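A.B. asks: Below is the structure I would like to discuss, written out as structure tokens.
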Amino acid sequence: MRTVPTQSDSVVAQVLATPSNFFSSGLRQKVDQLMNILWAGGVNNPMDSIEQISYLLFLRLLTEKDDVLASLDKKYVRIFSGKWARYAWGNFVTLTGDNLFNAVRDAIEKLHELPGLTDTGKLLFSRATLKIYDRPTLRAVVQAIHEMDLAAHDGHDLKGDMYEYLLSKLSASGTNGQFRTPRHIIDLMVSLVNPQPKHRICDPACGTAGFLISAFNHILGQNRGTGRKNYPGGKLTSGQ
């Protein structure tokens, strides 16, 4: 007896056929390159390597977010202003040798003092320190992270994919209690739930916000406009 395909079957087929942008973007190769650079530079513990990469990525992404918010709101008070201005990511890219080492070390060791940081954030960064002692290695790592394309590609959470890949390097994600739902499963679940404009969406176990991002992109995709508004979300009003 032939089974008639359902809407759920078509959703599954569409989601599973979507390629992994993390691998096609070249980020996987760049992460492997970073791990190799750190290993050659004396950071031989994978846990330390991933920790150091995470600190540097955090500084870069926080600086970029600071720049975006400042461009959108003239009244916005930058995080990296005043005494914090020298810890902005752009400053590290131009430094070398001891100047780079001292600047990055000071920035990482002061992460727990960031303005507006939650108590949880202060606890997480309370013992943060720089463990990349070889100066040429540190510069190579900073340059490699600076050249990474971390922008969203077709709504895919590349930073979350990279985090998952870094955890796989440890082969201890279960022990550390860190899990991330694979991208194709997230997209499948969101497509089946089919969230709509004005729906209230909650992810109480939010990590890298994969479900929230996927739900947002799903709503935009389901409400593409026509004519001059022929783009995702073109049918939506400002109130939606």
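One line per residue, one yes/no per condition, for (1) of a type in the set (Gly, Ala, Ser); (2) within 30 Å of Ala215 (Cβ to Cβ); (3) in contact with a Lys or Arg (Cβ under 6 Å, 6 or more places away or on another chain):
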position: Asp67; (1), (2), (3): no, yes, no
position: Asp73; (1), (2), (3): no, yes, no
position: Gly97; (1), (2), (3): yes, no, yes
position: Phe101; (1), (2), (3): no, no, yes
position: Asp106; (1), (2), (3): no, no, no
position: Leu114; (1), (2), (3): no, yes, no
position: Asp134; (1), (2), (3): no, no, no
position: Gln143; (1), (2), (3): no, no, no
position: Ser168; (1), (2), (3): yes, yes, no
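A.B. asks: Right, here's the next one. Among the residues of segment 183-200, is any modelled with pLDDT under 75 and outside any helix (DSSP H, G or I)?
C.D. replies: The answer is no; no qualifying residue exists.
A.B. asks: Continuing with this model, one more query. All but one of (1) exposed (fewer than 13 other Cβ atoms within 10 Å of the Cβ); (2) within 28 Å of Asp161 (Cβ to Cβ); (3) touching a Gly at 6+ places or on another chain (Cβ under 7 Å) hold for Tyr133; state the number of the condition that does not hold.
C.D. replies: (2)
A.B. asks: Could you go through segment 76-84 and let me know if any residue there is part of a helix (DSSP H, G or I), out of contact with any His (no Cβ under 6 Å at 6 or more places or on another chain) and surrounded by 14 or more Cβ atoms within 10 Å (Cβ to Cβ).
C.D. replies: Scanning segment 76-84, I find at least one residue that is part of a helix (DSSP H, G or I), out of contact with any His (no Cβ under 6 Å at 6 or more places or on another chain) and surrounded by 14 or more Cβ atoms within 10 Å (Cβ to Cβ), so the answer is yes.
The values are calculated or read from the model by the stated rules, or taken from the named source; none is laboratory data. What you see is a predicted model, and the numbers here were worked out from it, not measured in a lab. Note: ideal-geometry Cβ built from the backbone for every residue, glycine included; neighbour counts use all protein chains shown.
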